[in-house]
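For reference, the structure is listed below as structure tokens.
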Amino acid sequence: MTRSSDRAFLLLLLIAAAAVLATADSGLPVMEEDLDGIESVVGGGLGKKQREFDYFALSLQWPGTMCNGIKKCCTKNGCCRGADTPQVFTIHGLWTDYNDGSWPECCDGPSFDPNEVAPLQSALDRYWPSYSCSKTSNCHGGKGTFWGHEWEKHGTCANPVIHDEYNYFLITLNLYFNYNVTKVLNEEGYVPSNSERYPLGGIIAAIENAFHLTPAVECTKDSIKEIHLCFYKDFKPRDCVLQTNKMVTSSASCPEYVSLPEIESLENGNDVLESLELDAAL
Ligand SMILES: *[C@@H]1O[C@H](CO)[C@@H](O)[C@H](O)[C@H]1NC(C)=O
């Protein structure tokens with residue numbers, strides 16, 4: 001996309017999201033954790049009646065950590081775009097959580113339909129990439145795209161605030177554009193580095209000051225892997241709930257000093273066979 005079409009696209013997103021937000025009722029608070037393909041025992045589970053969620057968590061991934069140690073490349077893998085590999089936090093998903101640290105999942109709703117989000121496809125490719133070549137499990141026993149997994153597992157539980165797949169992705173993109181964690185961290189001197197270690201408290205404080213919410217931070221060893229931003233049901237910022245039974249509390253998951261690894265731009269050169277297989281499967 002060119003810069004001006006980018007800007008026009010963003011504007012459209014903002015207008016559409018504002019229209020949706022205007023109809024959303026206000027509500028309560030946020031926070032959670034998700035491991036792709038690993039079903040949680042805390043959530044309600046398929047088929048059970050699950051009560052309405054309490055708050056949203058926008059979970060963001062750091063490509064420098066996600067792409068560390070990647071051995072296989074394919075066209076769908078965000079790590080394998082050479083010069084186009086993302087250099088910013090990207091979207092993992094918009095999750096619906098309960099205040100007690102658990103969450104509903106796989107609620108009633110239609111299966112993922114790629115046609116519904118076709119108008120958002122270039123934004124999804126760019127800002128919401130998968131960092132794996134494998135397909136991701138969905139709620140109905142099958143496997144599919146990362147987007148399908150996020151919609152079916154989390155998006156379907158966003159009623160009565162978000163009613164459909166298109167708006168789930170639109171609203172998530174809109175939040176992501178409005179809460180630019182990469183920008184906030186860069187401005188405070190927390191820039192990607194393979195040698196620096198930064199105080200976790202400083203990183204959390206930078207986000208608190210910028211967005212008026214306390215995030216949850218998740219690490220792999222001492223590398224920041226995810227940052228979660230939490231929102232009430234009316235999308236006003238709120239603190240994330242720190243879960244005691246999961247590794248998402250900033251104190252439990254991350255050490256006192258953390259790193260923001262540089263992003264390696266892998267080339268998708270040698271794995272033609274695998275990407276062909278994946279494209280056929282998708
Ligand atoms: C967020 O900020 C970074 C660093 O300033 C910038 O490169 C990126 O384009 C911004 N992302 C969005 C979605 O505005």
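The values are calculated or read from the model by the stated rules, or taken from the named source; none is laboratory data. These numbers were taken from a predicted model, which means no experiment stands behind them. Cβ: placed from backbone, ideal geometry, glycine included. Neighbour counts: every protein chain shown.
Answer yes or no as to whether Val191 is within 12 Å of the ligand (Cβ to nearest atom) and assigned to a loop (DSSP other than H, G, I, E, B). In short, yes.
The rows are residues; the columns are (1) under 29 Å from Gly142 (Cβ atoms); (2) modelled with pLDDT under 90; (3) out of contact with any helix residue (DSSP H, G or I) (no Cβ under 6 Å at 6 or more places or on another chain); (4) not small (Gly, Ala, Ser).
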position: Ile15; (1), (2), (3), (4): no, yes, yes, yes
position: Ala18; (1), (2), (3), (4): no, yes, yes, no
position: Leu21; (1), (2), (3), (4): no, yes, yes, yes
position: Asp25; (1), (2), (3), (4): no, yes, yes, yes
position: Pro63; (1), (2), (3), (4): yes, no, yes, yes
position: Glu116; (1), (2), (3), (4): yes, no, no, yes
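Name the single residue that is nearest to Ser59 (Cα to Cα) among those in region 122-135 being more than 16 Å from the ligand (Cβ to nearest atom) and either surrounded by fewer than 18 Cβ atoms within 10 Å (Cβ to Cβ) or among the aromatic types (Phe, Trp, Tyr) (or both). Across region 122-135, the extreme among qualifying residues is Tyr131.
Taking the criterion of being within 16 Å of the ligand (Cβ to nearest atom), surrounded by 22 or more Cβ atoms within 10 Å (Cβ to Cβ) and over 18 Å from Thr220 (Cβ atoms), the only residue of region 68-92 that qualifies is Ile91. Evaluate region 111-119: report whether one residue or more is in contact (Cβ under 8 Å) with a residue 40 or more places away in the chain and touching a strand residue (DSSP E or B) at 6+ places or on another chain (Cβ under 9 Å). Among the residues of region 111-119, at least one is in contact (Cβ under 8 Å) with a residue 40 or more places away in the chain and touching a strand residue (DSSP E or B) at 6+ places or on another chain (Cβ under 9 Å), which makes the answer yes. Only residues that are modelled with pLDDT of 95 or more and at positive phi were counted in region 118-148, giving 0.
Scanning region 76-128 for residues that are within 16 Å of His154 (Cβ to Cβ) and of a type in the set (A, V, I, L, M), we see that the one that is nearest to the chain's Cα centre (by Cα) is Ile91. The residues in region 169-188 that are more than 10 Å from the ligand (Cβ to nearest atom) and among the hydroxyl-bearing types (Ser, Thr, Tyr) can be counted, and the count is 1.
Scanning region 91-114 for residues that are in contact with a helix residue (DSSP H, G or I) (Cβ under 6 Å, 6 or more places away or on another chain) and either assigned to a helix (DSSP H, G or I) or closer than 25 Å to Cys254 by Cα (or both) yields a total of 4. Contact map, region 171-186: residues that are within 15 Å of Ile203 (Cβ to Cβ) and of a type outside the set (A, V, I, L, M, F, W, C) paired with residues that are within 9 Å of the ligand (Cβ to nearest atom) and not in a helix (DSSP H, G or I), Cβ distance under 7 Å, separation 6+ or inter-chain. Pairs shown: Thr182/Val88; Thr182/Phe89. Is at least one residue of region 48-67 away from the ligand (no atom under 16 Å from the Cβ), surrounded by fewer than 24 Cβ atoms within 10 Å (Cβ to Cβ) and small (Gly, Ala, Ser)? No, there is no match, as no residue in region 48-67 is away from the ligand (no atom under 16 Å from the Cβ), surrounded by fewer than 24 Cβ atoms within 10 Å (Cβ to Cβ) and small (Gly, Ala, Ser).
Residues of region 68-83 that are closer than 16 Å to Arg126 by Cβ and either in contact (Cβ under 8 Å) with a residue 60 or more places away in the chain or outside any helix (DSSP H, G or I) (or both): Thr75, Lys76, Asn77, Cys79, Cys80, Arg81, Gly82, Ala83. Restricting to region 210-238, what's the tally of residues that are of a type in the set (Lys, Arg) and within 21 Å of Asn68 (Cβ to Cβ)? Counting residues in region 210-238 that are of a type in the set (Lys, Arg) and within 21 Å of Asn68 (Cβ to Cβ) gives 2.
Taken over region 205-234, the criterion of being assigned to a loop (DSSP other than H, G, I, E, B) and either of a type in the set (Gly, Ala, Ser) or more than 15 Å from the chain's Cα centre (by Cα) (or both) is satisfied by His212, Leu213, Thr214, Lys221, Asp222, Tyr232, Lys233, Asp234.
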